[in-house]
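Let me begin by presenting the structure, written as structure tokens, before commenting on it.
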Amino acid sequence: MDTADLIAGFVASVLTIMVLSYLIGDNPLFKLAMHLLIGVAAGYAGAVAVQGVLIPGLVEPILEAGLTGLGNPQLIVTGIVPLALVLLLFLKVAPSTARYGTISMVLLVGVGAAVVVGGAITGSLLPLTLGSMESLNPNIVNQLTGESGLERMLNVGIVLIGTLTTLFYFQFTIRKGEGEAPFAIVAGVNIPGPLTILRGIGKGFIAVTFGVMYAGAVAATLIVLAERVQFIWDTVTGVVESIG
Amino acid sequence: MCGKPNPGEAEECEHCGARLKPLEVGGSSEDSEKWLDRMREDVGEAPTSSEMGGEAVNEPDDTSSEGPDDLDFDKLRAEQTEEKLPQEAEPAKEDVPEWLQRIREKKAEEPKDLVESNEPAPEQALRAAAPPADEVGSETAGPAPEEELRPGSEAEPEPESPDWLEEAEDKGALAEEEKDAEPEAALPHVPALIAGAEKPPEAELGDLGLPDWLGEIEPLEDEEPEGSAPDLARATLPNWLEAMRPVDTFRSVVEIASEDDQAVESVGPLAGLSGVLLAEPIVAMPRTSSVGSMQLDVSERQYDQAELLQRLVEEEEQEAPAKPKRRARLAIYRWAIAAVILLAVSLPIVTGEPSFALPSLEPRELGALFNLVEQLPAERPVLVVFEYEPGNAGELEAVSGALLDQMMARGLLLASLSTRPTGPALAKRAMDPYAERHGYQDGLGIVHLGYLSGGPTAVQLFAASPRDAVLKGFALPEQVRESGLTAWDTVVLERVQALSDFGMVAVITADSESARVWTEQARPYMGDTPLVVVLSAGAEPLIRPYFESDDPKISGILSGLPAAAAYELRNGRLGLAQARWDAFGTGMLAAEIVLLAGIGYGLLNLWRGRSLA
């Protein structure tokens, strides 16, 4: 480990400990580390955007074309118009001129929304809807998971029940607090109606889903913590070795 | 008035003719006669006292409200004493003026029940603040002029029961007989009429022989003592009359200031006189309009909302009490849990113990992914998309390491891309260790396309036309930059024109959103090119449906450290997943123990609470 790596590792370790100091509550060390990280991230992002996007995509084509090439239709579409939109977007800085930047914002938001909605319909909504209508034919074998026979039918059945009961849970035809009338009363015990039972099952599926997501988040956090502890330990041993 | 000097004995200004000396009450009888004549002439149809033959003296006279400056009260009293008629005596119809006759007829036509009702008509309510009709009728018709002029006459009408009218009529004769014996009510002091003169004593004013209605004014202004009229029930002020009352800012009663405090009028025909009634309270001061003063039809809901608004305003005005500073409590539980987990994670790293066996079982989808990578054509590059922030690098570098290791072990060409500004640096950081292990060089086996700005729109643009979306590249070799080439000109990407030219697209992401965006936007342009996602453990449940459907949009999925450790076992090489396996295992064990302890503590509290209940 050379000196530069040693110094970098030491600084990173100190920053990690400063962030972990949030365990004892909000403190200046934590705030300092957060401000530093946010500032560095923002500065790095700005530098990357200028170097990787603005200069090669906007500045260089116009400079290479020169004054004589400004009339080129392709350059107008790919260079001049985007440059004008960028300049209009800059006007958002001042409140008095902010309304001129709305043109660029409209273009960004409108195109972005159209792309996202279109992709969501064709890429998620329809495929997943069709995916939940799987056949219960036991002879079919899933090409990726290899499920077949009873196992696959059981899996498809769980998907079907989970989908339907979850949809039942989110039905809003019953007013809040009213609920469904009990199906029957046996020995003073209310037997709930079918809708209530289905909603309860759907609630269970949702709870299991959130539980799995929470467990995954905990697992991911523990891996990150292990990586940080390993990094600090490596830095400490490296410093000790370099001193020794 | 004009300000020019005049002799001391002059009574009128020689220049402008204005009176210099104030008139005194009890002037010459000639002056009073002239004034009365003038007023009678002005009234026209109103019969004079002489014309009525002594009976008309009791008839109302509007001119009495004029407040003549040369009023001779002694003479008037003498005339009233001589010509006074019994109260019950009605003047002859042919002598009564027509306007008075109409008033009397109207009064006679008024229904009795209206008088007895709790909501008298406006005329009755106004009359309630005035002297009794029969008494007033002997001197003047309608309400007293002073009462009309006084702003507070409307604001504070003495609520009189309608019975008052009847009782007053019954007592009229008796009151008339006792009138001479009783002292006259004090005349309101009007300094403008006797400027410079001292306020006369009450006894002298009582001897002025004031009209009866004028004598009744003073008691009306005073607060009537309780029990003074036990037979009279207080009338309820009707709503329409309540709405006509002046607002609070309006001075309901004009208090006549002392003589010294009264300002001298400076303009107008009354200039030079002090104690002049101010016109501002009547003209300029705001008060409730009498026009359209209908009772508002307020519903219950509107009333509640008004009350709520009023409560809000009142709460705003109240000074919020300073909250007592909460006593700082030590986060014992938080510290204890953090210490346990930190210790559990650190122990295997520092001491190497305890150690856990690597997973013997692997996820079913891992085999499919492994085989997929094994079968990728070597001539087609693999696009690896790094869609995570630096905070997730610790997990995703460990999980994706096995996949990168396998691809580099196979000698596949790799290209990296990211839609996040920090992504290119993270891509280089994640790939460099394996590149070094397998002898990859930038520009030859690996090329970084860099940052793709624009989010989902840019992903679609890249999928449709990769070379138009990314122009240069990131961290290109020096010889490539010097020669003016881009990443697309390198050996890795020179044959790529579309997204389908890649051998595989692998998206490494910590959130389900990025995986969904690539699935939705890029998948339609990929053709047969498989799409693989490497996920954080928390995002896997939301992406798995894309993988497990009969028509999968995702060809391979890798998530979680156990799957990565199993992948490394398949590769046969030690990786980051195995290096962190022990720390991860003890950390998960500690977390599970903490969760179980928390559940037990909660159940214990629940049981204790029920026991106490």
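Read-outs throughout are calculated quantities, based only on the coordinates presented, and are distinct from any laboratory measurement. No experiment lies behind these values; they were computed from the predicted model shown. Reconstructed Cβ throughout: ideal geometry from the backbone, glycine too, with neighbour counts over all protein chains shown.
The table that follows gives values for the structure above.
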{"item": "Amide proton proximity set for B:ALA271, modelled H, under 5 Å, gap of 5+", "result": "none"}
{"item": "Hz values of 3J(HN,Hα) by residue in the range B:472-477 - Karplus curve (6.51, -1.76, 1.60), Gly and Pro given as x", "result": "10, x, 10, 6, 6, x"}
{"item": "Distance (nanometres) between label positions extended 7 Å along Cα→Cβ at B:GLU478 and A:ALA114", "result": "4.7"}
{"item": "Value of Rg/Rh across the range A:1-160 [Cα atoms, Kirkwood radius]", "result": "1.20"}
{"item": "FRET efficiency for B:SER266 and A:LEU54, using Cβ-Cβ distance with R0 set to 60 Å, rounded to 0.05", "result": "0.20"}
{"item": "Exceeding the 32 Å Cα-Cα cut-off - candidates A:LYS92/B:LYS325; A:LYS31/B:LYS325; A:LYS31/A:LYS203; A:LYS203/B:LYS428; B:LYS428/B:LYS553", "result": "A:LYS92/B:LYS325; A:LYS31/A:LYS203; A:LYS203/B:LYS428"}
{"item": "Space enclosed by the convex hull of the alpha-carbon atoms of the range A:71-131, per residue, Å³", "result": "96"}
{"item": "Cβ-based exposure ranking for A:LYS92, B:LYS325, B:LYS106, in which fewest neighbours within 10 Å come first", "result": "B:LYS325, B:LYS106, A:LYS92"}
{"item": "Among A:LEU67, A:LEU195, A:LEU107, residue whose mean-square fluctuation peaks in a GNM of chain A (springs only between Cα atoms under 10 Å)", "result": "A:LEU67"}
{"item": "Pairwise FRET efficiency - B:THR236 versus A:LEU23, Cβ, R0 = 56 Å, nearest 0.05", "result": "0.20"}
{"item": "Mean Cα-pair separation over length for chain A, i.e. relative contact order, pairs under 8 Å, 6 or more apart, %", "result": "14"}
{"item": "Separation in nanometres of the label points that stand 7 Å from Cα toward Cβ, at B:VAL350 and B:LEU312", "result": "5.8"}
{"item": "Paired Rg and Dmax values of the range A:142-244, which use every Cα atom, in angstrom", "result": "24.8, 81"}
{"item": "Chain lengthening between B:GLU12 and B:ASP297 when straightened (0.36 nm per residue, less Cα-Cα)", "result": "96.5 nm"}
{"item": "Estimated Rh, the range B:539-613: Kirkwood, alpha-carbon pairs, angstrom", "result": "16.0"}
{"item": "Rough spin-label spacing in nm, given labels placed 7 Å along Cα→Cβ, for B:HIS438 and B:LYS323", "result": "5.7"}
{"item": "Long-range amide H partners of B:SER559 with built H, under 5 Å", "result": "B:LEU535"}
{"item": "Relative packing of A:148-156, A:183-191, which averages over residues the other C-beta atoms within 10 Å, highest first", "result": "A:148-156, A:183-191"}
{"item": "Once the Cα gyration tensor of the range B:306-355 is diagonalised, semi-axes √(5λ) in Å", "result": "55, 13, 6"}
{"item": "Note, ³J(HN,Hα) from phi for the range A:133-140, Karplus 6.51, -1.76, 1.60, rounded to Hz, x at Gly and Pro", "result": "9, 6, 6, 8, 5, x, 7, 6"}
{"item": "B:ALA235 long-range amide H proximity, modeled H, under 5 Å", "result": "B:GLU160, B:SER161"}
{"item": "Principal-axis tilt of helix A:194-243 within chain A, Cα atoms, nearest 10 degrees", "result": "40"}
{"item": "Distribution of pairwise C-alpha distances over the range B:434-542, 5 Å bins, in %", "result": "2, 12, 18, 21, 20, 15, 9, 2, 1, 0"}
